[in-house]
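The values are calculated or read from the model by the stated rules, or taken from the named source; none is laboratory data. Note that the structure is a prediction, hence the values are computed from the model and not measured. Counting neighbours? That spans all protein chains shown, and the Cβs are built from the backbone with ideal geometry, glycine included.
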Amino acid sequence: MSKKQKKQHRKVTPIVLTSLMAIGISSIPIIPGTTVQASGQESLLVTENFDQLTGQTLPNGWKLLEGQAEVKEGKLQLTSPATSKPSRVLIPLEDESGDYVFEADMTFISAVEDTRWASMMYRVQEDNYPYYQFAVRRGTTALNGLEFAIRNERNQWDVPEKTFYPEPFQFGKSYHLKIVAKDNRVQQFVNGQLVIDTDLATKWSKGDVGFQAAGVTVQFDNVKVTTNTEELPPLENSKAFLADEPETNIVNAPTVISNFETVEEIANSQDVSSMILPVHTNAQGKLFVNDTPLSEVIKAMKGKMIPIFQIQDEKTITGLQDFIKAQQLQDISVMSSNTELVKQFKEGIPFVRGAVFYTKNALNKHDLKELALQIHESNAKVAVIPQKLITPEVVHYLHSRTISIWGIGGENESDAHSLIHLGVDGIIAKDEQAAVSAYSQYPENTIVQRPIVAAHRGVPSLAPENTMAGYQLAYELGADLIETDVQRTKDGHLIIMHDYTVDRTTNGTGNVADLTLEQIRALDAGIKYGPEFAGEKVPTFREYLQAFKGKDVVLLVELKATDVAEQTMKEIEEEGMTDQVLIQSFHLGEIIKSDEVNPQVGIGYLFSAGVPATTDAKLKNAQQMLNYASGMNATLNASYGSISKEFTTYMRQRGMMNMHWTFRNEQHLGNQLEQGVIGPITDYTQWLTDVPIRLETPIKKRNLKVGDSAVIQAKAFMHYREDKKENIETKLFVSGDQDNVVVEGNTIKALKPGKVNVFVTHTFSAHGKEWNLVAEPVEVNIR
């Protein structure tokens, strides 16, 4: 090939492209093994693989704007020692265009640190700036690992869109990046997966393209720029949304889930948040739900319901994964009775949420333990269980391990009431309208059971933090989880300490990492709190584990230091407590390492952030954070100041149960409980100690004749660990035709024939609110 021919190969007068090239210029991402036809003809502007450029610094016409760049071993390599000394290469385009597809393979060779980045610049103005860019940090798992960024007219950064990738970009591994731009719409892809979808490219409609490195050495290869005439789908198609829900006075009511029957049913359904789609592949390899093409079902559901794909065979996985990528679906769950299928599916698309369908005929304590371990190991967060196997104890066990429960039942209104009072997070209803009817009958501010509570560092409001005295008190006060902090001493022992120094909580001084175990154990961890706690020692992690081994409490362990995940998990395993521990940390690498070492132990990501101003921004943030967590199979253990009602509702509708910290203001706790928070972490476990966990009536039906009276009462369970009921002050609430009966206290008198539901309620004040703890209704038939 001559130099003239090579130049024409890199920058050409438009060449008509069809078939395979059309894959790169539609809104459909590249999926291996598929062919997508474009609706029109597109033109190749640039194609370069650098294979023929031996001894040449850059391809002809390309410009080095600053820094260092060269063609090396058949790839374009940019080297930058720091973000203050970037390297940039510009590719001028002969065609005056900004509607194009710009793609390349990118490989990190080295990085000063994981926050440093490389980028693909586009719509570059004046051979320099301003411009847009698709930036990729070496640490792509950070919340700002991927960016849609703007270098503005003042040569300053504006980053309106940022997200993450579920795995860190590895050194020496190539990743295919693609930018699709049309008017103000831009989509950015990694390996065919849509990662950023925006309409904020409004300032510049045309411009050149190029590459940039900041604090990294990076290589680019297989560069291609193609004109794009295809309109991108409206941003509303991928917009985060809250599905419709039944009107109810129940706090944190379970979401309603239905089974797919017809497309028409989707249009007519009301108050249903999600729909289960049993997907299968026909003889021609096409995906169907029952007898309906999956594409038609998804089109009808978009922006209305959340798809839950049910899979039962391996042959469906690849085709469904390709379909999800092609449709650019972001808000989806996958469900199966085969945990390996769930795990395999999430390995291909990590942000998909997982649910495990329990199919055995019994669910004893051993089965329940194994189910929880399998759910964590399969990267799922939801247990799908038939109603007949669900008890309050099953719900509490799973909730304490941050696993949501969807109950299968709801054949009639009575079933729906039973599932509501069992405390499930979702009802898979055979008759969703019967379930919806049940929701409408409850008194204002109804709770059916108190939330689970995590004792933060023990009970610091009553005892010195992170001491065995505090932990024991938390257990006695009824904490469902006991939270702690793990660090490592100078001589390699794991101890319990929140601060990085011993100064605040003990009578000593110094960094934990600079003191030996013997030195730390010689300190007094109670004397500063009060003389009655003098002599309390700083516990070892193993001492903390052993104190609660086999007890009905879960240990919530925060990895305070870095590089302690493996040792922490080793001690947990040695004590045989993988079923009794959850791990959380602000250090992302630590929870990822914990999951790698033992995926049967659930993990949570701790973070704090501002709450977006608008409803749309709150929902977009919730979607991004949920995808982020799902990619790691972690819960989102945010500070409660970081969450909104929209965030909490979005999570509940999608089966994600999170823990939120740290409640030290009772009014704030009441506000968040009212908005649906189910897992508060608090210094004040005693605030919830005397709150009954649930009410129970001895009967479900009562027959009366006109003129007869009956007393209907309930007893209260006060403690999750004790099967003990207490008498408690209650009254009756009637749903239905109020003319049929008259109520006074706990006595109901029949006035005329009919049927009413009678609820026993206990009204109490707590956390600055008035609440109604409500028992399952008694159906009263009057004749």
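Residue 484 versus (1) of a type in the set (S, T, N, Q); (2) over 24 Å from residue 453 (Cα atoms); (3) in contact (Cβ under 8 Å) with a residue 60 or more places away in the chain: which is the lone unmet condition? Among (1) of a type in the set (S, T, N, Q); (2) over 24 Å from residue 453 (Cα atoms); (3) in contact (Cβ under 8 Å) with a residue 60 or more places away in the chain, the lone unmet condition for residue 484 is (2).
Note on the stretch 689-716: residues that are under 23 Å from residue 248 (Cβ atoms) and not basic (Lys, Arg) amount to 9.
Conditions tested, residue by residue: (1) closer than 19 Å to residue 720 by Cβ; (2) not β-branched (Val, Ile, Thr).
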| site | (1), (2) |
| --- | --- |
| 345 | no, yes |
| 354 | no, yes |
| 375 | no, no |
| 383 | yes, yes |
| 387 | no, yes |
| 393 | yes, yes |
| 398 | yes, yes |
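So which residues in the stretch 394-423 are over 25 Å from the mean Cα position of the chain (by Cα) and either in a loop (DSSP other than H, G, I, E, B) or under 22 Å from residue 580 (Cβ atoms) (or both)?
If we filter the stretch 394-423 for residues that are over 25 Å from the mean Cα position of the chain (by Cα), which is where we start, we get 409-418, 421.
Across the stretch 394-423, the qualifying residues are 410, 411, 412.
Is it the case that residue 682 is closer than 21 Å to residue 454 by Cα, under 34 Å from the mean Cα position of the chain (by Cα), hydroxyl-bearing (Ser, Thr, Tyr) and at pLDDT 95 or above? Here the answer is yes, as residue 682 does meet what is asked. Highlighted here are the strands (runs of 3 or more DSSP E) found entirely within the stretch 167-242 that include at least 3 residues which are farther than 29 Å from residue 654 by Cβ and either in the same structural domain as residue 329 (by TED's automatic domain parsing) or over 31 Å from the mean Cα position of the chain (by Cα) (or both): 208-214, 216-227.
Among the listed residues 485, 503, which satisfies the condition of being closer than 26 Å to residue 680 by Cα, at pLDDT 95 or above and not assigned by TED's automatic domain parsing to the domain that holds residue 394?
Values: 503 fails: closer than 26 Å to residue 680 by Cα.
None of the others qualify; the one that does is 485.
For the stretch 750-764, which residues satisfy the criterion of being free of Cβ contacts under 8 Å to residues at least 60 places away in the same chain and closer than 16 Å to residue 781 by Cβ? Write out each step before concluding.
Start the filter on the stretch 750-764 by keeping residues that are free of Cβ contacts under 8 Å to residues at least 60 places away in the same chain, which leaves 750-756, 758, 763.
Hits for the stretch 750-764 are 750, 751, 752, 753, 754, 755, 756, 758.
Here's a check for you: in the stretch 243-256, which residue that is in contact with an Asp or Glu (Cβ under 7 Å, 6 or more places away or on another chain) and not in a loop (DSSP other than H, G, I, E, B) is surrounded by the fewest Cβ atoms within 10 Å (Cβ to Cβ)?
Initially, the stretch 243-256 is screened for residues in contact with an Asp or Glu (Cβ under 7 Å, 6 or more places away or on another chain), giving 244-246, 249, 251, 254-256.
With the extra rule that they be not in a loop (DSSP other than H, G, I, E, B), the set shrinks to 255-256.
Details: 255: 24, 256: 27.
Among them, the one singled out is 255.
Checked against the criteria, residue 271 counts as part of a loop (DSSP other than H, G, I, E, B) and either surrounded by fewer than 17 Cβ atoms within 10 Å (Cβ to Cβ) or touching a residue at least 40 places away in the same chain (Cβ under 8 Å) (or both). Which of the residues belonging to the stretch 478-498 are crowded, with 23+ Cβ neighbours inside 10 Å and β-branched (Val, Ile, Thr)? Correct list: 482, 484, 486, 495, 496.
Close Cβ contacts (under 9 Å, 6 or more residues apart or on different chains) running from residues in the stretch 738-749 that are in contact (Cβ under 8 Å) with a residue 40 or more places away in the chain to residues that are hydroxyl-bearing (Ser, Thr, Tyr) comprise 748/709; 749/709.
Can we say residue 673 is closer than 30 Å to residue 482 by Cβ, of a type in the set (A, V, I, L, M, F, W, C) and surrounded by 15 or more Cβ atoms within 10 Å (Cβ to Cβ)? Quick ask: steps written out before the conclusion?
On the way: closer than 30 Å to residue 482 by Cβ: yes; of a type in the set (A, V, I, L, M, F, W, C): yes; surrounded by 15 or more Cβ atoms within 10 Å (Cβ to Cβ): yes.
Here the answer is yes, as residue 673 does meet what is asked.
If you go through the stretch 667-674 one residue at a time, do you hit one that is more than 23 Å from residue 766 (Cβ to Cβ) and out of contact with any Gly (no Cβ under 8 Å at 6 or more places or on another chain)? Among the residues of the stretch 667-674, not one is more than 23 Å from residue 766 (Cβ to Cβ) and out of contact with any Gly (no Cβ under 8 Å at 6 or more places or on another chain), which makes the answer no.
For the stretch 764-780, filtering for residues that are out of contact with any Pro (no Cβ under 9 Å at 6 or more places or on another chain) and part of a strand (DSSP E or B) leaves 8.
So which residues in the stretch 116-143 are of a type in the set (Val, Ile, Thr), assigned to a loop (DSSP other than H, G, I, E, B) and free of Cβ contacts under 8 Å to residues at least 60 places away in the same chain?
Taking the stretch 116-143 and keeping what is of a type in the set (Val, Ile, Thr), we get 124, 136, 140-141.
If we keep only those that are assigned to a loop (DSSP other than H, G, I, E, B) as well, we get 140-141.
Scanning the stretch 116-143 gives a single hit, 140.
Looking at the stretch 616-712, the helices (runs of 4 or more DSSP H) lying wholly inside it that each contain 3 or more residues that are closer than 23 Å to residue 256 by Cα and of a type in the set (D, E, K, R) sit at 645-653.
Residue 239 - would you say it is more than 18 Å from residue 109 (Cβ to Cβ) and either at pLDDT below 95 or touching a helix residue (DSSP H, G or I) at 6+ places or on another chain (Cβ under 8 Å) (or both)? The answer is yes for residue 239.
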